[in-house]
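> Before anything else, here's the structure in question.
The values are calculated or read from the model by the stated rules, or taken from the named source; none is laboratory data. Owing to the predicted nature of the structure, the values given are computational and were not obtained by experimental measurement. Quick reminder, even Gly has a Cβ in these numbers, built from the backbone with ideal geometry, and neighbours come from all protein chains shown. The accessibility values were calculated without ligands, DNA or RNA, using every heavy atom of the protein model including side chains. Shrake-Rupley method; radii C 1.70, N 1.55, O 1.52, S 1.80 Å.
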Amino acid sequence: MKPRVRFAPSPTGPLHIGGARTALFNWLFARHHGGTFVLRIEDTDLERSTKEFEQSILDGMTWMGLTWDDELVYQTQRMPLYKDHVQKLLDEGKAYRCSCTPEELETKRKAALAAGQKPKYDGKCRKNPPPASTPAAIRFKAPEMGTTTFHDICRGTISFENSELDDLIIARSDGTPTYNFTVVVDDVTMKMTHIIRGDDHLNNTPRQVLLYQAFNYPIPEFAHLPMIYGPDRKKLSKRHGATSVFEYKDMGFLPSAMMNYLARLGWSSGDQEIFTIEELIEKFDLNQVGSTPAIFDLEKLRWVNSQHLAKYSVADLVNLTRPFLQQLGVALTDQTYAERAIASERERGKTLKELAEASAFYFRDEIVFDPTAAEKWLNPEGKKILTTLRDRLGTLNDWNVDVIKAIFDALGKDMGLKMVNLAQPVRVAMTGTTVSPGIYEVLAILGKERTLKRIARALA
RNA sequence: GUCCCCAUCGUCUAGUGGCCAAGGACACUACCCUUUCACGGUAGGAACACGGGUUCGAAUCCCGUUGGGGACGCCA
């Protein structure tokens, strides 16, 4: 049987790293087995759900390359289905009306917590049902005794004492259904075979299993993925910095690298670190997913990104880098020039943004001098070197690495200088900084005209 | 507090009872390459949380302890 899996985000925020990882594992599982991956928008929280967030999540999925099958499913469009299911439980005496107010419940919850107890609904309305005229939420009548056990692909058998659970609300007093209820109704009616989701849902699972049983529905396979933590070992959140996938896009990470890195958080295939998307699909399966939480490591992501970057042709790299250069106020006009420039810098940036920043000097009419670098190298000694160099370079007809190197070699000998003392003032004059590709290469790419212009400006 | 989950280098992980005096990768350090910075190369430090079992044999199985996390909503 081909698996059917889903990713079920609620549109109350942009797609974040944790969600992207969950979506990725579902997607890889479906693609590996030739199954179906569907997207369900859990928008029953009318207060916080927005169309903007929904679009943002969809855009994030698209950017990551996580293509979904079938039509999008919206929970808000399935209200009749939930109503029927609620009614069914009510008719069968498996649910009851509850008129306890949220304030009342909150007070009891706080009291229980203060007394060191697990907050649980006390069953007031289960014993004394409110009159039909009063407004009420609907609660599921959960068994008070016994044990609920289910199987998890990542963790094996997990069981909870039913006495730990309470009668959860399945419909609010305004009639809208709640999460633990819709999830069960949807997963069953959408014929999901595997529920792959974050570890934080593990505690919800026994409640959901009880609902499956109440409806006499078959129970799917569960796989609770270990969570992703920040460096402080707490659930990844805003205070850990960038959490939205778009922030990573803006930092210059490639979707394939994000996929690769995220896949390796909790999953592995021998000693392999770098995977193409095709390899990921081919090799991924849930039985190689571990159960230990992982800490998000930006440095490793950068390295993975650099490995993916290395696979691109120079022409592709130019296109990839263009938007980041634009953001720096730099426009690429000459394709050949751009390719030579980017090619010279490609080993020097682990992200597209870093690559753009390192390459920007090639394209600026007036480079920006780093004060420390200028002070150190554009001193009288440096200027003397630049003056002499300008004169000698000016006589050249050919302009390539070989002839430029010859000029530097001769100049070094004539002035009795080590190459580093010769190269650095020129480097600062050309790039504004002390860091760049080989100086002959930089000059060769810049061309005679730009080179002489920049020397003149450094001398000014 | 209660319940549930987790526990191999700083980090991601390999390991499914003997092939492990624990392997790879990121990061770090040193050296090489070298006109700077990278890239690349070589070398190095660095882990089975602790205590009991089971077994001829345990990183691997069981129990406990400790530590960490998650959940305890008319949020999802």
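> Which one of the conditions (1) open to solvent by 10 Å² or more (accessible area, probe 1.4 Å); (2) farther than 24 Å from A:GLY241 by Cα; (3) within 16 Å of RNA strand B (Cβ to nearest atom); (4) within 24 Å of the chain's Cα centre (by Cα) does A:GLN77 fail to meet, given that it meets all the rest?
Just one mismatch for A:GLN77, condition (4).
> Something else now. Suppose we filter A:LYS88, A:LYS118, A:LYS108 for residues that are in a helix (DSSP H, G or I) and within 15 Å of RNA strand B (Cβ to nearest atom); which single one remains?
Just a single option satisfies the conditions, and that option is A:LYS108.
> Identify all residues within region A:132-164 that are away from RNA strand B (no atom under 11 Å from the Cβ), over 25 Å from A:ASP84 (Cα atoms) and in a strand (DSSP E or B); write none if there are none.
The answer is A:HIS151, and nothing else.
> While we're looking at this one, here's another question. Can you tell me which residue within region A:23-43, out of those that are surrounded by fewer than 21 Cβ atoms within 10 Å (Cβ to Cβ) and outside any strand (DSSP E or B), is nearest to RNA strand B (Cβ to nearest atom)?
The residue in question is A:GLU42.
> Still on this structure, I have one more. Being surrounded by 14 or more Cβ atoms within 10 Å (Cβ to Cβ) and not basic (Lys, Arg) is the filter here; which residues of region A:107-121 pass it?
Matches in region A:107-121: A:ALA112, A:PRO119, A:TYR121.
> Now for a different question. Determine which single condition A:LYS83 fails, assuming it passes every other condition in (1) part of a loop (DSSP other than H, G, I, E, B); (2) in contact (Cβ under 8 Å) with a residue 12 or more places away in the chain; (3) surrounded by fewer than 16 Cβ atoms within 10 Å (Cβ to Cβ); (4) not hydrophobic (A, V, I, L, M, F, W, C).
A:LYS83 satisfies all of (1) part of a loop (DSSP other than H, G, I, E, B); (2) in contact (Cβ under 8 Å) with a residue 12 or more places away in the chain; (3) surrounded by fewer than 16 Cβ atoms within 10 Å (Cβ to Cβ); (4) not hydrophobic (A, V, I, L, M, F, W, C) except (1).
> Regarding region A:188-196, can at least one residue be identified that is closer than 30 Å to A:ASP70 by Cα and assigned to a helix (DSSP H, G or I)?
Scanning region A:188-196 turns up at least one residue that is closer than 30 Å to A:ASP70 by Cα and assigned to a helix (DSSP H, G or I).
> Taking region A:201-221 as the region of interest, how many residues are more than 18 Å from A:MET145 (Cα to Cα) and within 13 Å of RNA strand B (Cβ to nearest atom)?
Count: 2.
> Could you say which residue among A:LEU417, A:LEU378, A:LEU352 is surrounded by fewer than 21 Cβ atoms within 10 Å (Cβ to Cβ) and either under 30 Å from A:GLN307 (Cβ atoms) or free of Cβ contacts under 8 Å to residues at least 40 places away in the same chain (or both)?
Details: A:LEU378 fails: either under 30 Å from A:GLN307 (Cβ atoms) or free of Cβ contacts under 8 Å to residues at least 40 places away in the same chain (or both); A:LEU352 fails: surrounded by fewer than 21 Cβ atoms within 10 Å (Cβ to Cβ).
The match here is A:LEU417.
> Something else about it: Is there any pair with a first residue in region A:54-70 that is in a helix (DSSP H, G or I) and a second that is among the β-branched types (Val, Ile, Thr) whose Cβ atoms are under 7 Å apart and which are 6 or more apart or on different chains, and what are they?
Close Cβ pairs satisfying both conditions: A:GLU54/A:ILE41; A:GLY60/A:VAL245; A:TRP63/A:VAL245; A:MET64/A:VAL245.
> Grab the helices (runs of 4 or more DSSP H) fully contained in region A:301-404, keeping just those with 3 or more residues being among the polar types (S, T, N, Q).
Because the criterion is at least 3 residues that are among the polar types (S, T, N, Q), the helices (runs of 4 or more DSSP H) in region A:301-404 that meet it are A:314-327, A:335-345.
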